[in-house]
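Visitor: Questions regarding the structure given below will be posed in turn.
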Amino acid sequence: MNIRTASLKDYDAIYSIAVITWNHTYKEILSAEQFSYMMDMMYSQQAIEQQITVKNHRFLIAEDADGNALGFCSYETDNEPGKTKIHKLYVLPQTHGQGLGKCFVKKVESAAVSAGNNSIFLNVNRFNPAYYFYLKTGFKNNGEVNVEIGNGYLMEDYIMEKPL
């Protein structure tokens, strides 16, 4: 497995992984309308381009030995003073339990330390089973937040943080 920096050229792989993982994770949590709205809001080509070029999100992509994309992660080292934010971390369902998510977290930790940050944090949907992955990886639950995202939709998240 290889984890490398992703670019706009990797959009199709990122989008494909997002569709597969979101269907796997959120089909029972979100309505079809909210699912569609959020996919467009966060994963359209324009949205990904803005995240990379304007918001300074860094994307990583994991590939197997044959170059097949297995997962991706995005993060931002200057979101809050002293903290790095993981915006996205998704791995294909068939790779769960193989350590790929932990590898992404370690890469982000390394980037955070290099940037002089002392913790990493993220929001995770309160009904997403990945919540337990984050607890096992050393994150602590620092509370809840409800984020209005437009169109009458709400993200109901836990705020997770891991000191470095």
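Visitor: Scan the chain and note any complete DSSP helix (H) whose C-alpha atoms cover at least 15 Å along its axis and whose Kyte-Doolittle average is 0.0 or more.
Guide: Within the chain the helices that satisfy the rule are 11-26, 100-114.
Visitor: A further question on this structure: How high is the relative contact order of the chain, in percent, counting Cα pairs under 8 Å that sit 6 or more residues apart?
Guide: Across the chain, relative contact order equals 18 percent.
Visitor: Name all residues of the stretch 35-57 having a backbone nitrogen under 15 Å from the label point set 7 Å from the Cα of Ser114 along its Cα→Cβ direction, giving them as ranges.
Guide: Backbone N within reach: 57.
Visitor: Looking at the square roots a ≥ b ≥ c of the eigenvalues of the Cα gyration tensor of the stretch 79-164, which shape do they give, rounded for a/c under 1.5, prolate if a/b is larger than b/c, or oblate?
Guide: In terms of gyration-tensor shape, oblate.
Visitor: Still on this model: Bin width 5 Å, alpha-carbon pairs only: give the P(r) of the chain as whole percents, running from 0 to the bin holding the largest distance.
Guide: For the chain, the pair-distance distribution reads 2, 8, 18, 22, 23, 18, 8, 1, 0.
Visitor: Please give the per residue accessible area of the stretch 27-96, computed with a probe of 1.4 Å over protein heavy atoms only, in Å².
Guide: Ligands and nucleic acids excluded, the result is 51 Å² per residue.
Visitor: Could you list the trypsin sites (Lys or Arg not before Pro) in the stretch 1-71 that lie in coil according to DSSP, counting only those with at most 15 other Cβ atoms within 10 Å of their Cβ?
Guide: Taking the stretch 1-71 and a limit of 15 other Cβ atoms within 10 Å, the loop trypsin sites (Lys or Arg not before Pro) found are Lys27, Lys55.
Visitor: Net charge around Lys162, counting only other residues with Cβ within less than 15 Å of its Cβ (Lys, Arg = +1; Asp, Glu = -1)?
Guide: Around Lys162, the surrounding residues sum to +4.
Visitor: Given charges of +1 on the Cβ of Lys and Arg and -1 on the Cβ of Asp and Glu, with all other atoms neutral, how large is the dipole of the chain about its Cα centre, in debye to the nearest 20?
Guide: Its charge dipole is roughly 560 debye.
Visitor: Apply the a/c threshold of 1.5 to the C-alpha gyration tensor of the stretch 19-69 and tell me whether it is rounded, prolate or oblate.
Guide: The shape class here is oblate.
Visitor: Express in Å², to the nearest 10, the accessible area of Tyr43 obtained by rolling a 1.4 Å probe over the protein heavy atoms while all chains stay in place.
Guide: Estimated to the nearest 10 Å², Tyr43 gives 0 Å².
Visitor: Between rounded, prolate and oblate, where does the stretch 1-95 land on the alpha carbon gyration tensor, with a ≥ b ≥ c its root eigenvalues, rounded for a/c under 1.5, else prolate if a/b exceeds b/c?
Guide: oblate
Visitor: Could you work out what % of the accessible surface of the chain is carbon and sulfur, using a 1.4 angstrom probe and leaving DNA, RNA and ligands out of the count?
Guide: Summing carbon and sulfur atoms, their accessible area is 47 percent of the total for the chain.
Visitor: Roll a 1.4 Å probe over the protein chains and send me the accessible area per residue for the stretch 120-163 in Å².
Guide: Normalised by residue count, the accessible surface of the stretch 120-163 is 55 Å².
The values are calculated or read from the model by the stated rules, or taken from the named source; none is laboratory data. Bear in mind that the values here come from a model prediction, so they are computed numbers and not experimental data. Note: ideal-geometry Cβ built from the backbone for every residue, glycine included; neighbour counts use all protein chains shown. All accessible areas refer to the heavy atoms of the entire protein, side chains included, with ligands and DNA or RNA removed. Shrake-Rupley method; radii C 1.70, N 1.55, O 1.52, S 1.80 Å.
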